[in-house]
Each structure stands twice: as structure tokens, then as C-alpha cells.
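To start, the structure under review is shown below, and the notes come after it.
The values are calculated or read from the model by the stated rules, or taken from the named source; none is laboratory data. These numbers come from a predicted model, not from an experiment. We place every Cβ from the backbone using ideal geometry, glycine too, and count neighbours over all the protein chains shown. Calculation scope for accessible area: heavy atoms of the full protein, side chains included, ligands and nucleic acids excluded. Shrake-Rupley method; radii C 1.70, N 1.55, O 1.52, S 1.80 Å.
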Amino acid sequence: MNHPSSGASAQRGEPVVIRDEGSWFVIDKPVGWHCVEAADSDGAPSVEDWLRARDPAVQELKDAGLVHRLDRSTSGCLMVARDAETVSDLREALSVCDSPWAARKTYLALAAKSMPKAGEFDLHFAGRHKRSAKVTVKAFGTPGDRGRCTWRVVRAAVDTAMPATPRAFDLVEIELIGPGRRHQIRAGLAWLGHPLAGDQLYGGAQLGDEFNGGCAALHAWRLRVRSITVEAPPPPWAGGAD
């Protein structure tokens, strides 16, 4: 595969390949990119088109071999497979919770301040009518819409920080348990009273455009697949989280 920008951060510009295992690889997806070509295009680029233009192995694969998806506003680790069998195997690894082969996805986010230092949620996420971009969060539901997360606050908000700046929010590390649901972190934290900075859809406070392009502050930071751990460089608003 052509790696014109490998080793650099993808916070601005095109995606960057940050790990290549032959049958699968991980890219750092920039903010503002769709994963797949949108039915109603808003003019934003898609990772699917970017992949098809650069890797012959994914040409005949659905979604160009994307194993999972991220929101347009979310940056970070995105896994791609080069054959259908590997797509299936990796999707299974992402869907299980307790197996030693289970994959793990860890995110960084800026959330409304005063979150508990650590915690978890076990909620249910369901789509609304077709014209609504939001999802509905409920305490009870079916196994098929269940979403689980654990979190810890990495850096607490500073009360004297200027509004709309990263230090006015809690920096939170969040781990998904089992399969992720649409808007799971965004809607889940909003349901708890701590919407993400810049997430207008779920009532988040404004974050300056210079920090994340006017998007919700959410970054797919770390991806663990079997014995391999891949990290996408933290975005500027995370302030070098470790």
C-alpha cells in the first residue's frame, strides 16, 4: 500500500497509516472525514474513497475493508482488513467482551466538568426516526442495543480556564466493552449530564474552532487487537495525555 504520510499525525490533512500487519492495518482518521461515502454527500471526503485509490487489495471489499466506523467528527484509530476473512475475524474480536481474543477500544474525550474520577455505564442506545441524527438512551433495553463503557478522568477541568478552551473541560479516558453502539460515548455521557465539548447535537458547551474544527472532542486513541496495541497520536486538545 502507498503510505505517502506514514508516521505523521492525521489531525489535519489526510489519513495516516500507523500500523500495518499485512492482512490488516490501522489508520489515524482525521476529524471531518466520513468513513464511507455518504448517501447525501456534504462534500466531506471519505476514508472509503481514500482507501480504494491507494490499495488494490480492498477494491472488491464492502466499505473498502473497514472493520468498524467512526463518526465524521471523531479522529483516531480505524482498522482496515485486506480480505473478507480477516474482516469477519476482526469484527468478531470487536464484538465479544470476555474472550482473551477480545479487542479493546480506548478513547479520549473532553467532557463537561465535575465528572466522577472513575466510573462506568451500562445503557441502551436506540435510533430515533429517520430524520433525527440523535440516538435515544435508556437504562433498560435489549441485548442488541446494549452499550458498556468504563472511564477515568485524566485531567480535571480548571475553574479559572477561559470558556471554550480545553482546560475548561474534564479530559476523560474511556474504554468500550464489547461492541460499540452508534453515538455510544457522545449520547451516554450526555445522558449522565456530561456532554462532550463542542457536541452541539447532545448539548455540549462550545469548544473553540481552533481546537477541533468545531466538532465534538472525541478521539479513538488506542486499539488493542490480540497482542498488538496501536495508538493514534493524541489531538492538541488532549494536551499530551499518557
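Enter the accessible area per residue of the chain (Å², integer; probe 1.4 Å; all protein chains in place).
Averaged over the residues of the chain, the accessible area is 48 Å².
What are the ³J(HN,Hα) couplings of region 159-168, residue after residue, when phi is run through the Karplus curve with 6.51, -1.76, 1.60 and θ = phi - 60°? Round to Hz, x for glycine and proline.
4, 8, 5, 5, x, 6, 10, x, 6, 7
Just to confirm my numbers, what's the Cα centroid distance between region 170-204 and region 29-99 in Å?
The distance from the Cα centre of region 170-204 to that of region 29-99 comes to 21 Å.
Give the calculated FRET efficiency between W50 and D20 to the nearest 0.05, with a Förster radius of 22 Å applied to their Cβ-Cβ distance.
Once rounded, the FRET efficiency stands at 0.90.
Normalised by the number of residues in the chain, what is the relative contact order in percent for Cα pairs under 8 Å and 6+ residues apart?
It rounds to 19 percent for the chain.
Over the chain, what percent of the accessible surface lies on carbon and sulfur atoms, probe 1.4 Å?
49 percent
Within region 122-187, report the chymotrypsin sites (Phe, Trp or Tyr not before Pro) that DSSP leaves as loop and that have at most 15 other Cβ atoms within 10 Å.
F140
How would you classify region 98-210 from its alpha-carbon gyration tensor, with a ≥ b ≥ c the square roots of the eigenvalues: rounded for a/c under 1.5, else prolate if a/b is greater than b/c, otherwise oblate?
In terms of gyration-tensor shape, oblate.
Quote to one decimal, in nm, the extra length available between Q59 and R226 on full extension: 0.36 nm per residue of separation minus the C-alpha distance between them.
Additional length available on full extension: 57.5 nm.
Along the charge dipole of the chain, Cβ charges K/R +1 and D/E -1, which of T160, L108, L207 sits furthest on the positive end?
Looking along the dipole axis, the top candidate is T160.
If I take every Cα pair under 8 Å that is 6 or more residues apart in region 114-242, average their sequence separation and divide by the length, what percent do I get for the relative contact order?
Dividing the mean separation by the residue count of region 114-242 yields 18 percent.
Using only the alpha-carbon atoms, how far is helix 84-95 inclined from the longest principal axis of the chain? Give it as 0 to 90 degrees, nearest 10.
Once rounded, one gets 20 degrees.
Magnitude of the Cβ-charge dipole of region 87-213, K/R +1 and D/E -1, about the Cα centre, nearest 20 debye?
The dipole of region 87-213 has a size of about 400 debye.
Grab the DSSP H runs of the chain that are 4 residues or longer, score each as -39,500 (n - 2.57), total them, divide by all residues and round the 222 nm result to the nearest 500 deg cm²/dmol.
-3000 deg cm²/dmol
Straight-line reach from K117: which aspartates and glutamates have a Cα under 12 Å away, not including same-chain ones fewer than 8 places off?
Correct list for K117: D170, E173.
Quote the charge dipole size of the chain about the Cα centre in Debye, to the nearest 20; the model charges only the Cβ of Lys and Arg (+1) and of Asp and Glu (-1).
700 debye
Where nothing but the Cβ of Lys and Arg (+1) and of Asp and Glu (-1) is charged, how large is the charge dipole of region 56-162 around its Cα centre, in debye to the nearest 20?
That gives region 56-162 a dipole magnitude of about 620 debye.
Only Cα pairs under 8 Å and at least 6 apart count here; give the relative contact order of region 33-98 as a rounded whole percent.
26 percent
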